[in-house]
1. Mind telling me which of the residues L70, L76 ends up being within 16 Å of the ligand (Cβ to nearest atom) and either modelled with pLDDT of 95 or more or surrounded by 16 or more Cβ atoms within 10 Å (Cβ to Cβ) (or both)?
2. Looking only at region 27-37, how many residues end up being within 11 Å of L14 (Cα to Cα) and surrounded by 19 or more Cβ atoms within 10 Å (Cβ to Cβ)?
3. Just checking, how many residues over region 46-64 are surrounded by fewer than 17 Cβ atoms within 10 Å (Cβ to Cβ) and modelled with pLDDT of 95 or more?
4. Going through region 103-112 one residue at a time, which ones are outside any loop (DSSP other than H, G, I, E, B) and without any contact (Cβ under 8 Å) to a residue 40 or more places away in the chain?
5. Restricting attention to region 85-101, which residues are surrounded by 14 or more Cβ atoms within 10 Å (Cβ to Cβ) and either over 13 Å from the mean Cα position of the chain (by Cα) or within 13 Å of the ligand (Cβ to nearest atom) (or both)?
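The values are calculated or read from the model by the stated rules, or taken from the named source; none is laboratory data. Worth saying up front: this structure is predicted, and the values here are computed from it rather than measured. Here the Cβ positions follow ideal geometry from the backbone for every residue, glycine too, while neighbour counts run over all protein chains shown.
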Amino acid sequence: MTKTGESTSHRKVLIVEDHKMNMRMFTDILEAHGYEVVQATDGEQGCAMAKEHGPDLILMDIQLPGMSGLQATEWLKRDEGLRNIPVVALTAFAMKGEQQAIRDVGCDGYVSKPFTIRGLVETVERHIGAETSTPLQP
Ligand code: MN
């Protein structure tokens, strides 16, 4: 099912998120917009899934058990084969101070919780397939 046109079809998004309800929500939203979703529930699994599936974009929760989303992104951006995959951080509304850290580890964008469906989808659409050299945008 594609609601926003053919350009978003067959685009694979890896979601790294430890909260089940958030994972289900992100997955439902992206699938409803024509994306294929693969899921990981922690940073280490996220890195492994990125290698295995070669997603077109990664939605990365920052607060994860064990390896944080920032550490996972740092690892991904050091890997020559993975560093060009855009990483969009999922961050808590209150944690504005995280923005610099998100930028420093090489995230390509971020979505603040709570987010709107439109905001999430627009951010994914803006970054998917984009070069990692583009400036960080919310
Ligand atoms: Mn979390």
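1. Numbers: L76 fails: within 16 Å of the ligand (Cβ to nearest atom).
The conditions single out L70.
2. 2
3. 5
4. R103, D104, G109, Y110, S112
5. Looking only at region 85-101, we keep the residues that are surrounded by 14 or more Cβ atoms within 10 Å (Cβ to Cβ), and these are 85-91, 95, 98-99, 101.
Once the filter is applied, which keeps residues that are surrounded by 14 or more Cβ atoms within 10 Å (Cβ to Cβ) and either over 13 Å from the mean Cα position of the chain (by Cα) or within 13 Å of the ligand (Cβ to nearest atom) (or both), region 85-101 yields A89, L90, T91, M95, E98, Q99, A101.
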